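Since every read-out is calculated from the coordinates, none of them should be taken as a lab result. None of these values were measured; they are calculated from a predicted model. Glycine gets a Cβ as well: all are built from the backbone with ideal geometry, and neighbour counts include every protein chain shown.
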């Protein structure tokens with residue numbers, strides 16, 4: 001049956017509530033940023049609008065939101081509060097991954113969905129560790145204890161840490177030949193502690209604290225994908241990993257561009273209202289400022305079109321599109337950062353005053369780089385691909 005205006009699809013119904021949610025987030029963003037407090041009310045608003053479960057698959061009773069839907073939502077949430085948008089993004093990525101490959105056991109995921117109907121049920125994957133090196137075994141250790149595993153270790157940069165209902169924790173076993181897997185941990189588990197280490201320049205309300213695990217018990221059926229560290233699972237597993245990365249890249253790109261759009265909106269209002277003594281017309285009427293605003297608009301159009309163009313192609317499973325999301329993330333974050341920096345330079349002292357939100361937008365967009373792979377890694381991979389392509393007969 002084709003949805004009508006009176007009977008919208010679940011995705012359309014969720015998107016319809018976006019403007020109200022964005023306004024609510026924007027109204028509280030400064031307070032949470034200044035105090036570095038978690039935006040529970042904002043997350044509740046996202047949940048009530050049906051946005052926090054947008055990517056739950058239709059076979060589980062969810063809307064079945066696509067990557068194209070996801071980036072649209074996150075760009076708007078980024079306009080309201082970047083911290084809420086980032087926390088939301090990681091939960092949406094978890095549901096999207098489950099929709100693609102059903103990694104969670106049926107009973108565990110059913111429990112998550114039940115909790116999601118009662119209220120916000122945030123989820124995130126905890127991989128990073130203090131001093132962690134690419135390719136190294138996790139320092140977090142799982143020891144077998146009867147029909148359970150006991151997890152001990154420390155994870156860092158755990159976005160939404162204090163409010164997570166579930167944590168997907170990567171760890172290695174203490175077996176003679178260690179295996180690596182993902183352990184599904186309840187946020188209220190005994191032996192789990194949140195160490196409030198997050199005191200960053202931006203995204204201050206994201207509560208990306210450290211999580212300390214001390215013999216946290218996890219049932220054996222909630223240990224996923226245990227296998228040898230350097231095993232090769234074949235092309236299917238590799239394709240899924242690339243697809244997960246593509247969702248991550250475009251989702252976080254959308255948040256950064258949303259922040260830049262909020263900065264541009266504030267800048268336009270400032271230029272239309274600011275009237276220096278000489279000349280007597282608002283700054284927005286002067287060619288210099290109009291041209292600079294055009295430069296910002298051009299940068300953001302490019303970033304938005306890049307994200308909006310790739311997302312549906314990734315949804316269709318086009319390999320070329322999946323391979324391009326890494327550089328797209330880099331370009332989008334660069335464009336968003338440049339746009340906000342230019343907005344600040346155009347406004348001078350007012351733009352850097354904490355009385356106005358522009359300086360927060362600058363801090364948030366600069367901090368969005370924490371979700372971006374190092375420039376050198378992205379560019380080297382793109383360069384190698386270009387060399388291989390150029391060497392083809």
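Annotations
- Fewest-first ranking of 289, 389, 157, using other Cβ atoms within 10 Å as the exposure measure: 389, 289, 157
- Gyration tensor verdict on region 194-254 (Cα atoms; rounded if a/c is under 1.5, prolate if a/b is larger than b/c, oblate otherwise): oblate
- Here, region 236-390 is characterised by an Rg to Rh ratio of 1.08, where Rg is the alpha-carbon radius of gyration and Rh the Kirkwood radius.
- Choice from 205, 163, 102 with maximal GNM fluctuation in the chain (Cα, 10 Å cutoff): 102
- GNM top mover of 325, 114, 53 - the chain, alpha-carbon springs below 10 Å: 114
- With the simple model of a label 7 Å out from the Cα in the direction of the Cβ, residue 273 to residue 355 spans 1.1 nm.
- Cα convex hull volume per residue for region 10-120 (Å³): 88 Å³
- Placing dummy labels 7 Å off each Cα toward the beta-carbon, the span from residue 114 to residue 36 is 3.7 nm.
- Within the chain, helix-based [θ] at 222 nm, where runs of 4 or more DSSP H residues each add -39,500 (n - 2.57), nearest 500: -18000 deg cm²/dmol
- Within the set (1) 21.4; (2) 23.1; (3) 22.2, the number that Kirkwood radius over Cα pairs in Å takes when calculated for this structure is listed as (3).
- Fewest neighbouring Cβ atoms within 10 Å first, the residues 314, 340 line up as 314, 340.
- Using 0.36 nm per residue and subtracting the Cα-Cα separation, the extra length available between residue 318 and residue 237 on full extension is 27.5 nm.
- Rounded tilt (10° steps) of 235-273 against the dominant C-alpha axis of the chain: 30 degrees
- Inter-site label distance for residue 26 and residue 286 at 7 Å from Cα along Cβ, in nm: 2.6 nm
- Spatially, region 131-182 and region 321-387 are offset by 31 Å when compared through their Cα centroids.
- Computed from Cα positions, the angle between helix 82-101 and the longest principal axis of the chain comes to roughly 40 degrees.
- Region 103-235 shape via C-alpha gyration tensor axes, a/c threshold 1.5: oblate
- Tensor-based shape of region 164-319 (alpha-carbon gyration tensor, a/c under 1.5 rounded, otherwise prolate or oblate): oblate
- Structural descriptor for region 146-285: relative contact order 25 percent, calculated from alpha carbon pairs under 8 angstrom and at least 6 residues apart.
- Build a GNM of the chain with springs between Cα atoms under 10 Å apart, and of 292, 82, 29 the one that fluctuates most is 292.
- DSSP beta bridges in the chain [antiparallel fraction, %, rounded to 5]: 80 percent
- Relative contact order [Cα under 8 Å, 6+ residues apart], the chain, whole percent: 16 percent
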